[in-house]
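Undergrad: Okay, here's the structure, questions in a sec.
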Ligand SMILES: *Cc1c(COP(=O)(O)O)cnc(C)c1O
């Protein structure tokens, strides 16, 4: 057994978690079948579970969030259609242009407002009239949380109602939907699952990652109507995402839904603890976190020192990423002692 102080505190991402012993046991115990024949009981159970939880008719288990968004966009849009999306949205900026490359679907990116939202009048102005000059605007894609920020629920309602009124479909990249729901539920004194369902209810399709804060090793789900999921199923096959005894992975996701949703609040509290611990350091501008992602800007003379700082942290057993803006993600495999170690290591760098 390794000494706790030798364990690396890995704050690079909430994707770095190891499956817990109990999750591994659930994976080993899972009944399996060939999911390409729709024969895997564990995949079928997960798909029913997440669809029901979020209030949709159907769901599809996919290997990654990227493939989930691709299946969604290509199921909502045809060649020559376009989707309205944020400049920083994962399904525009961070997926290799997949919708354009594989689907001939053009993005119409819009700048974000400081709170992560896309201005309603900007969305409205971006919707093209029916005219041979223009791509057909078919879809509004939002992301929640976006860069760790919870989109205000009133905004989500307004933006999706606007889209619906203009005949657009609405997709949510909810890779961290349960982090959003946790923050929203905390603010309202409400139930996390009820808030997840309320956010999801504003959309025609929702993608959720199990491999982020929920702590599963692999996998996402795309939720929507039966007819929409049938189309997405075909695209998943084309993308090479038809997996066989995938129940081994689906069982981890089911375990995560049952056991790791309520503990996301702990991750949010640890991000707060880290933010508090970094207050008042000359050279750091700390953005107070709403969920499990903390962003810290390097300022003044420290601005050019991120490489040095990250190397110093690594020497002290703490991992993070960033250039002028550092990102720290809290998750299942980080505890208060690890956060305090990170605070100590960062403080020691600025004292030197
Ligand atoms: C991680 C992430 C994805 C993609 O997930 P992968 O499984 O890494 O492909 C999509 N959207 C958002 C917002 C994400 O954070």
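The values are calculated or read from the model by the stated rules, or taken from the named source; none is laboratory data. What you are looking at is a predicted structure, and each value in this text was computed from that prediction instead of being measured. Cβ sites come from the backbone with ideal geometry, for glycine too, and all protein chains shown count toward neighbours.
Undergrad: Within region 95-106, identify whether any single residue is within 18 Å of residue 228 (Cα to Cα) and within 15 Å of the ligand (Cβ to nearest atom), and answer yes or no.
TA: yes
Undergrad: Another question, if that's okay. Scanning for something in a helix (DSSP H, G or I) and either surrounded by fewer than 24 Cβ atoms within 10 Å (Cβ to Cβ) or assigned by TED's automatic domain parsing to the domain that holds residue 110 (or both), does region 135-153 turn up at least one residue?
TA: Looking through region 135-153, at least one residue is in a helix (DSSP H, G or I) and either surrounded by fewer than 24 Cβ atoms within 10 Å (Cβ to Cβ) or assigned by TED's automatic domain parsing to the domain that holds residue 110 (or both).
Undergrad: Moving on. Would you be able to tell me the number of residues in region 19-46 that are under 21 Å from residue 331 (Cα atoms) and part of a helix (DSSP H, G or I)?
TA: Looking only at that region, the number is 7.
Undergrad: Just give me the residues in region 210-245 being within 16 Å of the ligand (Cβ to nearest atom), surrounded by fewer than 16 Cβ atoms within 10 Å (Cβ to Cβ) and in a helix (DSSP H, G or I), in sequence order.
TA: Pass one, region 210-245, residues within 16 Å of the ligand (Cβ to nearest atom): 210-223, 232, 235-236, 239-241, 243.
Cutting the leftovers down to surrounded by fewer than 16 Cβ atoms within 10 Å (Cβ to Cβ) gives us 240.
Answer for region 210-245, where residues must be within 16 Å of the ligand (Cβ to nearest atom), surrounded by fewer than 16 Cβ atoms within 10 Å (Cβ to Cβ) and in a helix (DSSP H, G or I): there is none.
Undergrad: With respect to the numbered conditions (1) under 24 Å from residue 242 (Cα atoms); (2) more than 13 Å from the ligand (Cβ to nearest atom), which one is the sole condition not fulfilled by residue 67?
TA: Only one criterion is unmet by residue 67, namely (2).
Undergrad: Follow-up. Can you tell me which residue within region 164-176, out of those that are under 22 Å from residue 120 (Cβ atoms) and touching a residue at least 60 places away in the same chain (Cβ under 8 Å), is farthest from the ligand (Cβ to nearest atom)? Write out each step before concluding.
TA: Start the filter on region 164-176 by keeping residues that are under 22 Å from residue 120 (Cβ atoms), which leaves 164-174.
Now narrow it down to the ones that are touching a residue at least 60 places away in the same chain (Cβ under 8 Å): 168-169, 171, 173.
Details: 168: 20, 169: 18, 171: 11, 173: 5 Å.
Checking each candidate, the answer is 168.
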